[in-house]
Amino acid sequence: MEGTRCPRLKVAIIHPDLGIGGAERLIVDAAIELASRGHSVHVFTAHHDKNRCFEETVTGNFQVSVYGSFLPRHFFYHFHAVCAYMRCIFVVLCVLLMWSSFDVVLADQVSIVVPLMKLKRSTKVIFYCHFPDLLLAHCKTWLHRMYRKPIDLLEEKTTGMADLILVNSRFTKSTFASTFRGLHLRGVEPAVLYPAVNVKQFGQHCSYKPNFLSINRFERKKNLQLAISSFALLSSSGLNSYEVTLTIAGGFDTRLKENVEYLDELKKLAKDLGVADRVKFITSCSTAERNTLLSSCICVLYTPKDEHFGIVPLEAMASKKPVIACNSGGPVETVRHESTGFLCEPTSSEFAKAMLKLLSDTEFVARMGEDARRHVAETFSTEIFGDLLNLYVLDAYHRGIE
């Protein structure tokens, strides 16, 4: 694209639920960065609770429109995938009928958006794949497998119709190739666009109180029980355990049955392991509360196994805090072992061993924290993310034009 004038484009971003998870953080950052580069950005979603969202979706330099919030997320806690498709189809139909054409559409998570938005042939569509949805569905019965079969086939077919496919890590890229084999054989290869953090948002000054922090949604796949069992094992060692605490904070939605049930399970586990008085649970903390927690903890425990990427380790390292994470998935690409944190096998003994190392040497913790912030600033800043995303958007726009 050398010598090509960089136009200001009309960009639509379509995301199913604008909550406060890692996927939503990426979408918000994408909107901010594209708008800051002169593009007209409009985010469309099926749900946006102004009391439970990232502040920039209310105060940012882009518009947010909501269509279909009345549609169900599930039917008696079943058919989540069908409901997600239905809500996104409704959003797209509203966009097609009520708004003029967009130059580029960034579709996130639900690929059914892709062929629908391409009904307007002048529109180029980028699909951001956090992870193949068919791998996230746990089909335990033949009936569920029959239900998922057409959805899974549709996912691969519609994903392949995008003008450009982006993924969030090399781990997801390899999983994409092994999962969507038909696309891989056709030569369809996604590009990697790492999520990022605004390093300036996290203050330079911090303390290292003996509090371990876990930040994640209250979902079973986040493996939060590992943080509690590791903390309990650490507490049974020779240190003065009553001075050390654990805080588990993260996204919590009362509309989601799993969130409610899992929080109760975690509280019971802490009680059964005898550490309930030193484990604090914080649900749906604001950005300011999260930053305060990050600024004063000794490190962040990141417990998901085979996580597709994981934005929390970046936020922790930007706050000058080392990260203890599982040695798999996205954290392998973001955390430098024994430099910005520890990559461990997902066992309480390995996590507790790393936790004890940090507690025994605060100067070591501070050095890791400095290395961690420098690492994020050089590799995972929002400026780097925005520059690369802008190039991808312009590339998609110019396809078929030159």
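None of the figures in this text is laboratory data; all of them are computed from the coordinates on show. The model shown is predicted, which means the values in this text are computed figures rather than measured ones. Positions of Cβ are generated from backbone atoms using ideal geometry, with glycine treated the same way; all protein chains shown enter the neighbour counts.
Annotations for the structure displayed:
- Expected 222 nm ellipticity per residue - DSSP helices of 4 or more, -39500 (n - 2.57), all of the chain, to 500: -13000 deg cm²/dmol
- Placed amide H near residue 344: partners under 5 Å, 5+ positions off or other chain: 325, 326, 327
- Ranking of 98, 368, 317, 86 by count of other Cβ atoms within 10 Å, fewest first: 98, 86, 368, 317
- Centroid-to-centroid separation of region 161-190 and region 272-330 [C-alpha atoms, Å]: 30
- Backbone geometry of region 201-212 corresponds, through the Karplus equation with coefficients 6.51, -1.76 and 1.60 at θ = phi - 60°, to 3J(HN,Hα) couplings of 5, 9, x, 6, 8, 8, 10, 10, 6, x, 10, 8 Hz, x marking Gly and Pro.
- Lysines whose Cα lies under 18 Å from that of residue 267, excluding same-chain neighbours fewer than 8 positions away: 221, 222, 257, 280
- Among 24, 55, sorting on how many other beta-carbon atoms sit within 10 Å of each Cβ, with the fewest leading, yields 55, 24.
- Spin-label model, residue 71/residue 257: points 7 Å from Cα along the beta carbon direction are separated by 2.1 nm.
- Amide N proximity, region 210-234 versus residue 151 label position 7 Å along Cα-to-Cβ, cut-off under 18 Å: 220-221
- Cα gyration tensor, region 75-208 - rounded (a/c under 1.5), prolate or oblate: rounded
- The alpha-carbon of residue 353 sits under 20 angstrom from the alpha-carbons of these aspartates and glutamates, leaving out residues fewer than 8 places away in its chain: 243, 338, 345, 361, 363.
- Span-rule helices in the chain, defined as complete DSSP H runs reaching 20 Å or more along the axis (Cα) with Kyte mean at least 1.6: 80-98
- Aspartates and glutamates with Cα under 12 Å of residue 200, excluding same-chain neighbours fewer than 8 positions away: 315, 383
- Sorted by Cβ density within 10 Å, fewest first, the residues 370, 219: 370, 219
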